[in-house]
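Single-structure report; data block below.
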Amino acid sequence: MTEGPPTDDPTPELRRAPSLVLLNTGDGKGKSTAAMGVMLRSVARGWRVAVVQFLKSGDWATGEQKAAERLGVDWWALGDGFTWDSDDLDKSAEVAREAWKKAEEIIASGEYSLVILDEVTYPLTWGWVDLDEVTRVIRARPQHVNLVLTGRDAPDELVEVADTVTEMRNVKHAFQQGIRAKKGIDF
Ligand code: ATP
Ligand code: MG
């Protein structure tokens, strides 16, 4: 016997949240690009949007940064670049802490309805930024401030504080076949 389509509304009593925290983690491609998708939706609703990047440095100027700035999104690429390019990891850690200070100020100001913290999991994993402080700021944020957090290996505490957590699973990636990152697709 075949099963017919559902005819009862499965979600009759949903409530509205003043804001949400999304977390995109996992080892597959799509964490940051999914965040950019949410950015587009927010811009479409006339929201002020801020993006803080914890790894990419200002001089990379990715495609998404250029497009976002054209849309009126405020963008801070405050990272120190790849850790393997760094000749001073203490300095990289300090750069990450400065980036977090900026992110905290942006979140707490309440001026933005959406704040994207791109690759924020890495400085947490490496102990460069204090996890308890980050979760405290997230919990204490002005209630209309939505957040999207991205990065591999999200610590349990971030999973806990987020409303929606997606794990991108790597099935296959061009890089593993020796193909370099592609402009327009990867950056
Ligand atoms: P994207 O920005 O494309 O959504 P991402 O945010 O999920 O990717 P990151 O870990 O931030 O992934 O890595 C960013 C870069 O690394 C991108 O160029 C992306 O294509 C590439 N990448 C993502 N996943 C993998 C993987 N499993 N193997 C190799 N390279 C990857
Ligand atoms: Mg990313």
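No lab work stands behind these numbers, since they all come straight from the coordinates. Since we're looking at a predicted model, the values are computed, not measured. Because the Cβ atoms are built from the backbone with ideal geometry, glycine has one as well, and the counts that use them run over all protein chains shown.
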Label-point separation in nm, Val171 to Trp84, each point 7 Å along Cα→Cβ: 2.7
Taking placed amide H atoms and a strict 5 Å upper bound, the residues 5 or more places from Ala61 or on another chain that come that close are none
How about the range 46-117: which chymotrypsin sites (Phe, Trp or Tyr not before Pro) there are in a DSSP loop, with at most 11 other Cβ atoms within 10 Å of their Cβ? Phe82
List the aspartates and glutamates whose Cα lies under 16 Å from the Cα of Lys29, skipping any in the same chain that are fewer than 8 positions away. Glu64, Asp118, Glu119, Asp153, Glu167, Asp186
Proxy exposure order for Thr11, Thr62 (fewest C-beta within 10 Å first) is Thr11, Thr62
Rough spin-label spacing in nm, given labels placed 7 Å along Cα→Cβ, for Phe187 and Leu40: 2.2
Report, in deg cm²/dmol and to the nearest 500, the calculated mean residue ellipticity at 222 nm for the chain, where each DSSP H run with n ≥ 4 adds -39500 (n - 2.57) and the sum is divided by the residue count. -10000 deg cm²/dmol
Among Lys66, Lys102, Lys29, what is the fewest-to-most ranking by other Cβ atoms within 10 Å? Lys66, Lys102, Lys29
Report, in listed order, any pair from Lys66/Lys183; Lys91/Lys182; Lys31/Lys102; Lys56/Lys182 with a Cα-Cα distance greater than 20 Å. Lys91/Lys182; Lys31/Lys102
Which cross-chain or sequence-distant (5 or more) residues have an amide H under 5 Å from the amide H of Val148, H modelled 1.01 Å from N in plane? Leu22, Val115, Ile116, Leu117
Grab the beta carbon distance between Glu69 and Glu94, set R0 = 25 Å, and tell me the FRET efficiency rounded to 0.05. 0.40
Could you work out how far apart the two model spin labels at Ala61 and Asp153 are, taking each label as a point 7 Å from the Cα in the direction of the beta carbon, and quote it in nm? 3.3
Find the Cα radius of gyration of the chain, compare it with 2.2 N^0.38 Å by division, and give the number to two decimals. 1.11
Report for the range 21-170 the percent antiparallel among DSSP-assigned beta bridges with both residues inside it, nearest 5. 5
Determine, for Lys101, Lys56, Lys183, the number of other Cβ atoms within 10 Å of each Cβ, and report the residues in order from fewest to most. Lys183, Lys101, Lys56
